[in-house]
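Written out below as structure tokens is the structure these notes cover.
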Amino acid sequence: MICSRLIDIMPKPKKNTARTKQKGNKLVIVITVVTIILAILGFFGYSYIKSLITPINIEPDEISLQQSPWSIKSTFTVSNQRSDKTQYDVWIMLEFNDCTIDLKNVSFELPSLGNTISGTVGNIVVNYDCVIVKGFDSTKKPIIFLIIHHLMPSQSLQIVTNIDSSQTFIGGKNARISIKSIRHSDTPVNLISQGGQLAYPALIFPFSFTLTSIDFKLWRQ
């Protein structure tokens, strides 16, 4: 009984609130640092995974159309720098944003892959190294697809774009062309044989698309 009373009347030790608060602050700092590190690793990990999914690189990926009317020549590069395999059926999409333009006033100077993919229509040779498809999406936005037959590892192609907006161009402050790779394959596209002549297979577009023209390289035999 006496011992119990002594224990009850003895002063209880006070908690060191300052030390507890300091430990709490250190814990918050550690958690913050770890969160930042994980975020950085996540960003670079995502970029690495994205590079594996999208081996096609485009530089630059945008062409400004803010200065008009004009005639402009711009060059962008499409390359297979992120894969050790040949990429086939490479689709490059040029999307015209915040502007209206007659796609007849957009032309290209296309590189040659060695004229390896070609067919004939009568006495005309049709080259399928790079196919130009023009049209509109469901919102009437002008779209151009460049379909490159193949890109070998580390191969780069320079594509020159000629745009004349002097007559038909209507653009806003953010008028521009966004350029992106939207499709590629590990297997080549096989041309279709029709009556002893070769033809490109039917095009399957990634979204609702109204086709207005298809352009190839042509020459007489």
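Restrict the check to segment 205-214 and report whether at least one residue is at pLDDT below 90 and assigned to a strand (DSSP E or B).
Residues of segment 205-214 that are at pLDDT below 90, as a first pass: 214.
Add one more test, that the residue is assigned to a strand (DSSP E or B), and what stays is 214.
Yes, segment 205-214 contains a residue that is at pLDDT below 90 and assigned to a strand (DSSP E or B).
Could you run through segment 141-169 and say how many residues are at pLDDT below 90 and of a type in the set (Val, Ile, Thr)?
2
Out of Gln66, Gln81, Gln87, report the one residue that is modelled with pLDDT under 85 and surrounded by 12 or more Cβ atoms within 10 Å (Cβ to Cβ). Lay out the reasoning, then the answer.
Details: Gln81 fails: modelled with pLDDT under 85; Gln87 fails: modelled with pLDDT under 85.
None of the others qualify; the one that does is Gln66.
Considering only segment 123-152, how many residues are in a loop (DSSP other than H, G, I, E, B), farther than 30 Å from Ile170 by Cβ and of a type in the set (S, T, N, Q)?
We begin by selecting, within segment 123-152, every residue in a loop (DSSP other than H, G, I, E, B); these are 123, 138-141, 152.
Add one more test, that the residue is farther than 30 Å from Ile170 by Cβ, and what stays is 123, 152.
Applying the additional criterion that residues be of a type in the set (S, T, N, Q) yields 123.
Of the residues in segment 123-152, 1 are in a loop (DSSP other than H, G, I, E, B), farther than 30 Å from Ile170 by Cβ and of a type in the set (S, T, N, Q).
The values are calculated or read from the model by the stated rules, or taken from the named source; none is laboratory data. Computed from a predicted model, the values in this text were never measured in an experiment. Every residue, glycine among them, receives a Cβ derived from its backbone with ideal geometry; neighbour counts consider all protein chains shown.
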